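Below is one structure, written out as structure tokens; the observations come after it.
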Amino acid sequence: MPKVLSIDAGTTGVTVLVVGEDARVQASGYREFPQHFPHPGWVSHDADQIWTATVDAADDAMRGVATSDIAAIGITNQRETAVVWDRTTGRPIDHAVVWQCRRTAQRCDELKTSGHEPLIRSRTGLVADAYFSGTKVEWLLDNNPGAREAAERGDLAFGTIDSWLVWKLSGGRAHVTDPSNASRTMLFGLESLSWDEEMLRLLNVPAPVLPEVKPSSGRFAVTDPESFLGAALPVSGIAGDQQAALFGQGCFTPGRSKNTYGTGSFLLMNTGPTPPPPAGGLLSSVAWTIDGRTDYTLEGSIFVTGAALQWLRDGLGIISSYDEAEPLAKSVDETGGVAFVPAFVGLGSPHWDQRARGTIAGLTRGTTRAHIVRAAIESMAHQSQDVIEAMVDAAGAAPSELRVDGGAVRMDLLCSLQADLSGIPVLRPQVRESTAMGAAFLAGLAEGVWDGIESLDSVWRLDRRFEPSMKPGDRQAHRERWRRALDRSRDWVRD
């Protein structure tokens, strides 16, 4: 049976799955890589460490699996993180600037105050925010001596993590990306499906650094045997992590929605082959391009959800592991009046406040660590509900159901809270690695492992359905407390 190797290069680690023709995971590997915080609000990665983690995770996944059985490789990745490297040496000129990083917030404020936000919205479907890659590339070229001149000569290459991995996998022969990743750079035309010359001029990004944009499902490159697994294997599927999760969750038709709870949370709705108009607080992006058809998505991007638990573990020592969080939270019936807004790097959708910061409100002498942990878990559901409400305003109707994935959905408490706060059923699949599965499906479709999208409809399997049970009055009280805490986190950082 043919197999697909799926590489999921996330924000804190790399997961590699071996996926069979029956869409079941046959083997896996995982490696973390370090996070770097050089200044308050800055987040960086060493791209070479991401590559090392990828190779090691793939080696672990391939133990006992013959490379001759691998029909295709799919890649999915943290999307807006920017890498710039030397085309000759293959070495990055600086650490990668991570999607969470706020170092270009002032530049984005300048774009807003100078009246460029309407142009950005209309051309790219995005907002002027440090979240996206465009201002990160500009910063890397301006803050590394000689980089801008080298970029204009064509000596440097820019890419998101997918581009970097394909470059490494192919031994430096391919500099490519797909439309889902390109549409998150603030440099890509949502309707033209090409790099936008006016946006390149606005953000001072030279065209020679840009990767070639190819369909999400199709052959991007072939691996260099000396660089990866000793074999020449086709790299045939790429999508940004959230679009890949939408695909892996079987949301192939307009109106279907999913939410991924990872480091942050990302709620996407498939809107079909027409770019959705700009909607309050939401983003429009390419979902994928397959067989000449491009589908689009309406998205709410939340910067910090699961990372709040990571902070409670690593920053405060309130919990010793993720597995401790749910039992501790369930040891109390509610938060004791505590509300936790984890705006560590500002607020994303639908608020878009770069100057917000984290807030824990409602503390008393009776507050325990259990109350704070429960408030952190509740914050995941509240932030997602903020996005759902914005989507209802934009689309005129709520999703009939919400498919969920990501590491945090193993917590029944979170899934139940989300159903209660949204008032819609929450569906958790058997396979939680929807992101990696989406990349596998895109690659396998290109190489004939699966016949077409229709053949993938039957492989999505339900684990548990969570029905809403909270009384409307209780839901309103929970939401009101959240909104009061949210107001206190807004506009905290002042120049």
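The values are calculated or read from the model by the stated rules, or taken from the named source; none is laboratory data. This is a predicted model, so every value here is computed, not measured. Glycine gets a Cβ as well: all are built from the backbone with ideal geometry, and neighbour counts include every protein chain shown. Only protein heavy atoms, including side chains, enter the accessible area calculation; ligands, DNA and RNA are left aside. Shrake-Rupley method; radii C 1.70, N 1.55, O 1.52, S 1.80 Å.
Brief remarks follow.
- Mean sequence separation of contacting Cα pairs (under 8 Å, at least six apart), scaled by the length of the chain, corresponds to a relative contact order of 15 percent.
- Shape analysis of the range 300-459 yields a ratio of the Cα radius of gyration to the Kirkwood radius, Rg/Rh, of 1.03.
- When the alpha carbon gyration tensor of the range 1-86 is reduced to an equivalent ellipsoid, its three semi-axes come out at 29, 12, 11 angstrom, largest first.
- Rg over Rh for the range 237-349 works out to 1.08, both radii taken from alpha-carbon positions and Rh defined as the Kirkwood radius.
- Residues ASP491 and MET1, FRET efficiency given R0 of 51 Å [Cβ-Cβ distance, rounded to 0.05]: 0.35
- For the chain, the alpha-carbon radius of gyration amounts to 0.92 times the rule-of-thumb value 2.2 N^0.38 Å expected for a compact globular protein.
- Per residue solvent-accessible surface (Å²) - the chain, probe of 1.4 Å: 36
- Per residue, the average separation of C-alpha pairs within less than 8 Å and at least 6 apart gives the range 365-452 a relative contact order of 26 percent.
- Each principal axis of the Cα atoms in the range 366-495 has its own extent, and those three values, largest first, are 58, 43, 36 angstrom.
- Full extension of the chain segment joining ASP323 with ARG201 gains 39.1 nm, where the gain is 0.36 nm per residue of separation less the Cα-Cα distance.
- Filtered GluC sites (Glu not before Pro), the range 194-266: DSSP coil and at most 13 other beta carbons within 10 Å: GLU226
- Protein accessible area in the range 281-413, 1.4 Å probe - carbon and sulfur %: 48
- Carbon plus sulfur fraction of accessible area for the range 166-241, probe 1.4 Å, in percent: 45
- Stretchable slack from SER455 to GLU212, in nm (0.36 nm times residue separation minus alpha-carbon distance): 84.5 nm
- Rh (Kirkwood; distinct C-alpha pairs) - the range 60-128, Å: 16.2
- Rg to Rh quotient for the range 42-171, alpha carbon positions, Kirkwood Rh: 1.05
- The chain, helix-only ellipticity at 222 nm - DSSP H runs n ≥ 4, -39,500 (n - 2.57), divided by all residues, nearest 500: -10000 deg cm²/dmol
- Close amide H contacts of ALA287 (hydrogens built in the peptide plane, cut-off under 5 Å, sequence separation of 5 or more or a different chain): ASP295, TYR296, THR297.
- Sequence-distant contacts, meaning Cα pairs under 8 Å at least 6 residues apart, place the relative contact order of the range 53-178 at 29 percent.
- Of all accessible heavy-atom area on the range 1-119, the percent that carbon and sulfur account for (1.4 Å): 48
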